[in-house]
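Structure first, then comments.
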Amino acid sequence: MVSYEELALRFKALAHPVRLQILEMLRRGEVCVCHMEAALGRRQAYISQQLMVLREAGLVEARKEGLQMYYRLTDDLTAGLLETIFGEVPVQVQPRLADCSCPYCVTVAQEIS
């Protein structure tokens, strides 16, 4: 069972519009920081600052692959809270962004060419 302190920390981390946007993206699956940067129109340093808060609250975890840093949700409780807030996870995957240089977007751009 999750303690009241842990729940309060989770809700505090959720109480920020950009962190909610990041978590909304992560509901669809793992995302790299540069993709978040392009999707949110924010600088990498700002996004990293928000991700640090989410990591410290135990909502997300990271992995590094080459130069890219990828984030994903950590547990079912977080996913359940987000589903309560936003509704069911859309069937669609992460949108491809023309101004994003992440491997996900570049691979699709190459497939289309």
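Within segment 50-104, can you find the residues that are surrounded by 11 or more Cβ atoms within 10 Å (Cβ to Cβ) and of a type in the set (Val, Ile, Thr)?
Correct list: VAL53, VAL60, THR74, THR78, ILE85, VAL89.
Kindly state which helices (runs of 4 or more DSSP H) lie completely within segment 1-83 and contain at least 1 residues that are of a type in the set (S, T, N, Q).
Working: elements: 4-14, 17-26, 33-40, 44-56.
Output list reads 17-26, 44-56.
Given the conditions (1) outside any loop (DSSP other than H, G, I, E, B); (2) among the polar types (S, T, N, Q); (3) buried (at least 16 other Cβ atoms within 10 Å of the Cβ); (4) modelled with pLDDT under 85, and given that THR107 satisfies all but one, which numbered condition is not satisfied?
(3)
Only residues that are without any contact (Cβ under 8 Å) to a residue 24 or more places away in the chain and farther than 26 Å from ALA8 by Cβ: list them for segment 41-62, please.
Correct list: GLY41, ARG43, GLN44, ALA45.
Test ARG28 against the stated conditions and say whether it is surrounded by fewer than 17 Cβ atoms within 10 Å (Cβ to Cβ) and modelled with pLDDT of 95 or more. So that I can check it myself, show each step before the final result.
Details: surrounded by fewer than 17 Cβ atoms within 10 Å (Cβ to Cβ): yes; modelled with pLDDT of 95 or more: no.
Against the criterion (surrounded by fewer than 17 Cβ atoms within 10 Å (Cβ to Cβ) and modelled with pLDDT of 95 or more), ARG28 does not qualify.
Can you pull out every residue in segment 37-46 that is closer than 19 Å to ARG96 by Cβ, touching a helix residue (DSSP H, G or I) at 6+ places or on another chain (Cβ under 7 Å) and not charged (D, E, K, R)?
Within segment 37-46, ALA39, LEU40 qualify.
The values are calculated or read from the model by the stated rules, or taken from the named source; none is laboratory data. Please read these numbers as outputs of a predicted model, since none were measured by experiment. Neighbour counts run over all protein chains shown; Cβ positions are idealised from the backbone, glycine included.
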